[in-house]
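Asker: Handing you this structure, nothing more for now.
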């Protein structure tokens, strides 16, 4: 089944009610490696119930619509879909526990060409059920590798309005190394994505990897940690937005080095694995409040 622009743009997502507890909040932070030093008061605030704070990147898993592209009616070959970019804008601090409503919609379907695939952009509002306040806006760009060329048959194609990030050419102002633990993917999957690619060696080998890989959103969370530590003094209310492009996978146990360039209230960044000198997140931008 070929991709249908109008069907995707009008795709109906059921509202996702997501209740989470303080244990869920702690598990998410542990899955990103926080708390490795029990004497570090800055990290402890995200993994200990006394004065618990929610790690800001947790917004990306709240109210998630699931693998909706796996529905045959979408016309998308899920096996050919990769996570392209991730953005989150934080409007309010996330409560340490509560119930949220995830409201998702497709905001763009972009034809890059018959041999170049297509982009599908989904926006999700994360809304506090009790107050009705929008806590965060999450945007995910998926690269559908086998779905390009649909506009050549008379269908429309959207144009992404955002301009490409222009990274600074000077040496980075800051560099933050954060190790990942060998069991990190096994922990992180308990908060979000249970795909066996991140746990089962046989599945990883079948997918072309020598061993299970870390979730892309796990890499995103570790980089969020680097930004929070380096630019926000571990104050989650200062992080207003975070966006990045996924470039390459991380293997659990590798060290992620985040290189950061400050420009007023904005930070540009990229992350690489130290052991292989491989960029894993690129075109990163974070907005930081004073």
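Asker: Give the order of 145, 257 when sorted by the count of other beta carbons within 10 angstrom, beginning with the fewest.
Answerer: 145, 257
Asker: For Cα pairs less than 8 Å apart in space and 6+ apart in sequence, what is the mean separation divided by the residue count of segment 1-123, i.e. the relative contact order in percent?
Answerer: Computed value for segment 1-123: 36 percent relative contact order.
Asker: Over 23 Å apart: what share of the alpha carbon pairs of segment 112-264 falls there, rounded to a whole percent?
Answerer: I get 55 percent for the Cα pairs in segment 112-264 exceeding 23 Å.
Asker: Hey, fewest Cβ within 10 Å first, where do 50, 42, 128 land in order?
Answerer: Going from least to most buried by this count: 50, 42, 128.
Asker: Also, I was wondering about something else. Would you give the gap between the C-alpha center of segment 213-267 and the C-alpha center of segment 76-146, rounded to a whole Å?
Answerer: Each part reduced to its Cα centre gives a spacing of 18 Å.
Asker: How do 58, 167 rank when sorted from fewest to most other Cβ atoms within 10 Å of their own Cβ?
Answerer: Ordered from fewest to most neighbouring Cβ atoms within 10 Å, 58, 167 come out as 167, 58.
Asker: Additional query: Shape call for segment 174-288 from the C-alpha gyration tensor, a ≥ b ≥ c root eigenvalues: rounded (a/c under 1.5), prolate (a/b greater than b/c) or oblate?
Answerer: prolate
Asker: When only Cα pairs under 8 Å and 6 or more residues apart are kept, what is the percent relative contact order across the chain?
Answerer: Normalised by residue count, the contact order of the chain is 18 percent.
Asker: For segment 18-159, what is the convex hull (Cα atoms) projected area averaged across all directions, in square nanometres?
Answerer: 10.3 nm²
Asker: If the chain between residue 200 and residue 276 were fully stretched, how many nm would it gain, using 0.36 nm times the residue separation less the Cα-Cα distance?
Answerer: Residue separation times 0.36 nm, minus the Cα-Cα distance, leaves 25.1 nm.
Asker: On alpha-carbon atoms, Rg over Rh for the chain using Kirkwood Rh?
Answerer: 0.95
Asker: What does the helix-only formula give at 222 nm for the chain: each DSSP H stretch with n ≥ 4 adding -39500 (n - 2.57), the total divided by the residues, and the result rounded to the nearest 500 deg cm²/dmol?
Answerer: Helix contribution divided over all residues of the chain: -4000 deg cm²/dmol.
Asker: Here's something else I'd like to know. With the Cα gyration tensor of segment 97-186 giving a ≥ b ≥ c as the square roots of its eigenvalues, does the rule (a/c under 1.5 for rounded; else a/b larger than b/c for prolate; else oblate) give rounded, prolate or oblate?
Answerer: Note, shape of segment 97-186 comes out oblate.
Asker: Pairs of Cα atoms under 8 Å, at least six residues apart: use those to get the relative contact order of segment 123-278, whole percent.
Answerer: RCO, segment 123-278: 22 percent.
Asker: Which of 172, 136, 226 moves the most in a Gaussian network model of the chain with Cα springs under 10 Å?
Answerer: Answer for the Gaussian network model of the chain: 172.
FYI, it's all coordinate maths here, none of it is from the lab. What you are looking at is a predicted structure, and each value in this text was computed from that prediction instead of being measured. Glycine also receives a Cβ, built like all others from the backbone with ideal geometry; neighbour counts cover every protein chain displayed.
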